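S.K.: To start, I am sharing the structure in question, which I have written as structure tokens.
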Amino acid sequence: MKMATVEINDLVKRYRGTQALRGVNLRLESGCVTGLLGENGSGKSTLFRILAGVTRPTRGQVLIDGLRIGVETRRVTAYLPEVDAFYAWMSIEEQLEFLASFYPGWDQAKARELTQFMKLKGEARIGELSKGQRARLKFIVAFSWPSRLILLDEPLGGIDPPSRARIMRAMVQEFRAEEQTILISTHLVAEIEEFVEQVVFLHDGEVALQGNADTLRTDRGKSLSQMLEEVLS
Amino acid sequence: MRYFAALYMKELRAQRMVAAVLLLGTLGIAVYALTGVGENPSARAALIVLPYASALGLPFLLVHTISGEWTAQTHYQILALPVPRWMVLLAKVAVVLSLGLVIYVCSTVFLQLISERMTTAFVTNKEGGFLSLMEPHASASSVWGFAGIVYGVLLLPLIGIACAAAGVRVMAQRFKGLATVGVFVVGGYLYAKLQAPVVGALVRIFGEWRLDLAIHRGMEPTSDAHLLLMYSALFAALGIGVGALLFERYVEA
């Protein structure tokens, strides 16, 4: 068994009036691409935020490379939320330079290569980018440095359908550094089906099903999309 | 320090339009006021005090820059950075204080010029109306000291209160607006209430230090104005400390 990058034990997150996560237990193996699937409100984004260290859990333990969530884990985690969290007044280059100041091993040459691959111009102002272009920028930010954990929350939204698979393939197969663990959530399950090695289905704040993607497909004779429908029903 | 510098530069660039407007406004008012001082100076020279009123607005700029991260959803990015959260807050405070310092320097350069020209006018025109109330030989150090004390006493406590309000705001689960207003009211009350005993204690510690800041004829040299500034700085430090502590402990997306 591979070493775990992420270990989550009995994770609970309560917001005022709602319980977003109800005792989640999870283990993400180092270097694996894991798909986090579930309907709206199932707790996916909350789980991402807790792993990224921007939201605190109500209860439970979360470890990244054996460390509790804090400054040290944020130093090895690339988090791209579902919303546009970029500064609209910055150009792409300025945004990348700003982030480069904080993350060890940030590779400007790789960032430029990725910018070119994504067909973006470094001098373009972020506020003037389309939704799809901003989604592409998220990938540039996520893969320009050798983080241990990449958290991609709905990264494909806004990207035109023909480009989705091409971008995902390039990121996972070409631009991913060795042993980088990726956790990705999306409603577009078919688009990531071929890339995910592990899969976790969240339903109503709980892990409904998890395991090796190939094993689950073989055992159940269903695609991940079909399994998601089954979980939701 | 590298991280702080990056946050500071980011914030400075984010506020460049506000900074430009404030600085151009300050310079415009200052030049207009300066041109009002001739052989017969007009009351228009008094407009030079207007830029100092920025001390009342800058704390709200601080509140705005913090809440702006949430409005633009950039708080996801800033909170995910591998830095302590208090550093994010302090970088914003540092930018607002820098802006205040630049406004103070620009305004006071012109205030000193106006003071010198009015002194000259006073000497050459002793019958000159309200000029007879002016101290004819206010030194440069008096002008800079007096302006600095007035500006600091206005700006620093409000910055401290604004920081504490930012901390309370992230701690409050509901009624965030009300909590912010409440902190400003309570902070103002505490500042006024603690002033006499703390300044008194500072006098006991540092002793009397009579600053010759007489601007108007007949006014006694101010004795504890600098200690009032010191009290304001301590109050600001307390507010910033409380804000930073609460921000570090409670802020989340």
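The values are calculated or read from the model by the stated rules, or taken from the named source; none is laboratory data. Computed from a predicted structure; not experimentally measured. Note that we place each Cβ from the backbone using ideal geometry, even for glycine, and neighbour counts take in every protein chain shown.
This table checks each residue for (1) more than 14 Å from chain A (Cβ to nearest Cβ); (2) modelled with pLDDT under 95.
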| site | (1), (2) |
| --- | --- |
| B:Thr71 | no, yes |
| B:Ala80 | no, no |
| B:Leu89 | yes, no |
| B:Gly100 | yes, no |
| B:Leu113 | yes, yes |
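S.K.: Related question: Just name the residue that is nearest to A:Ala142 (Cα to Cα) out of those in segment A:178-209 that are in contact with a Lys or Arg (Cβ under 6 Å, 6 or more places away or on another chain) and assigned to a strand (DSSP E or B). Break it down into steps so the answer makes sense when it comes.
M.R.: Residues of segment A:178-209 that are in contact with a Lys or Arg (Cβ under 6 Å, 6 or more places away or on another chain), as a first pass: A:185, A:191, A:202, A:205-206.
If we keep only those that are assigned to a strand (DSSP E or B) too, we end up with A:185, A:202, A:206.
Working: A:Ser185: 14, A:Leu202: 24, A:Glu206: 27 Å.
Selected residue: A:Ser185.
S.K.: Of all the residues that make up segment A:49-79, how many are within 16 Å of the chain's Cα centre (by Cα) and facing chain B (nearest Cβ under 9 Å)?
M.R.: Qualifying residue count for the region: 12.
Let's see how each residue does on (1) touching a residue at least 40 places away in the same chain (Cβ under 8 Å); (2) farther than 27 Å from A:Val76 by Cα:
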{"residue": "A:Ser163", "(1), (2)": "no, yes"}
{"residue": "A:Arg166", "(1), (2)": "no, no"}
{"residue": "A:Ala177", "(1), (2)": "no, no"}
{"residue": "A:Glu191", "(1), (2)": "no, no"}
{"residue": "A:Glu197", "(1), (2)": "yes, no"}
{"residue": "A:Phe201", "(1), (2)": "yes, no"}
{"residue": "A:Gln210", "(1), (2)": "yes, no"}
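S.K.: With respect to B:Leu81, is the statement that it is among the aliphatic types (A, V, I, L, M) and farther than 25 Å from B:Ile149 by Cβ true? Before you say what the answer is, go through the steps one by one.
M.R.: Numbers: among the aliphatic types (A, V, I, L, M): yes; farther than 25 Å from B:Ile149 by Cβ: yes.
Yes, satisfied.
S.K.: Here is a follow-up. Looking only at residues in segment A:83-97 that are crowded, with 19+ Cβ neighbours inside 10 Å and under 21 Å from the mean Cα position of the chain (by Cα), which one is farthest from the other protein chains (Cβ to nearest Cβ)? Give the steps one after another, and end with the answer.
M.R.: At the first step, the residues of segment A:83-97 found to be crowded, with 19+ Cβ neighbours inside 10 Å are A:84-87, A:90, A:92, A:95-96.
Now restrict to residues that are under 21 Å from the mean Cα position of the chain (by Cα): A:84-87, A:92, A:95-96.
Values: A:Asp84: 6, A:Ala85: 4, A:Phe86: 7, A:Tyr87: 6, A:Ile92: 14, A:Gln95: 9, A:Leu96: 12 Å.
Top of the filtered list is A:Ile92.
S.K.: Here's another thing I want to ask about it. If a residue has to be in contact (Cβ under 8 Å) with a residue 24 or more places away in the chain and either β-branched (Val, Ile, Thr) or over 24 Å from B:Gln15 (Cα atoms) (or both) to count, how many in segment A:114-132 make the cut?
M.R.: Residues that pass the stated criteria total 10.
S.K.: Specify the residue that is nearest to B:Leu99 (Cα to Cα); the eligible residues are those in segment B:1-49 that are among the polar types (S, T, N, Q) and more than 14 Å from chain A (Cβ to nearest Cβ). Break it down stepwise before answering.
M.R.: Taking segment B:1-49 first, the residues among the polar types (S, T, N, Q) are B:15, B:26, B:35, B:40, B:42.
Okay, now just the ones that are also more than 14 Å from chain A (Cβ to nearest Cβ), so B:26, B:35, B:40, B:42.
On the way: B:Thr26: 12, B:Thr35: 25, B:Asn40: 34, B:Ser42: 30 Å.
Here the answer is B:Thr26.
S.K.: State yes or no: is A:Leu232 touching a residue at least 60 places away in the same chain (Cβ under 8 Å), more than 22 Å from A:Leu51 (Cβ to Cβ) and either surrounded by 19 or more Cβ atoms within 10 Å (Cβ to Cβ) or touching a strand residue (DSSP E or B) at 6+ places or on another chain (Cβ under 9 Å) (or both)? Walk me through it before giving the result.
M.R.: On the way: touching a residue at least 60 places away in the same chain (Cβ under 8 Å): yes; more than 22 Å from A:Leu51 (Cβ to Cβ): yes; either surrounded by 19 or more Cβ atoms within 10 Å (Cβ to Cβ) or touching a strand residue (DSSP E or B) at 6+ places or on another chain (Cβ under 9 Å) (or both): yes.
Taking the combined requirement at face value, the residue satisfies it.
S.K.: Looking at segment A:194-205 only, could you name the residues that are surrounded by fewer than 16 Cβ atoms within 10 Å (Cβ to Cβ) and closer than 25 Å to A:Gln19 by Cβ?
M.R.: A:Asp204
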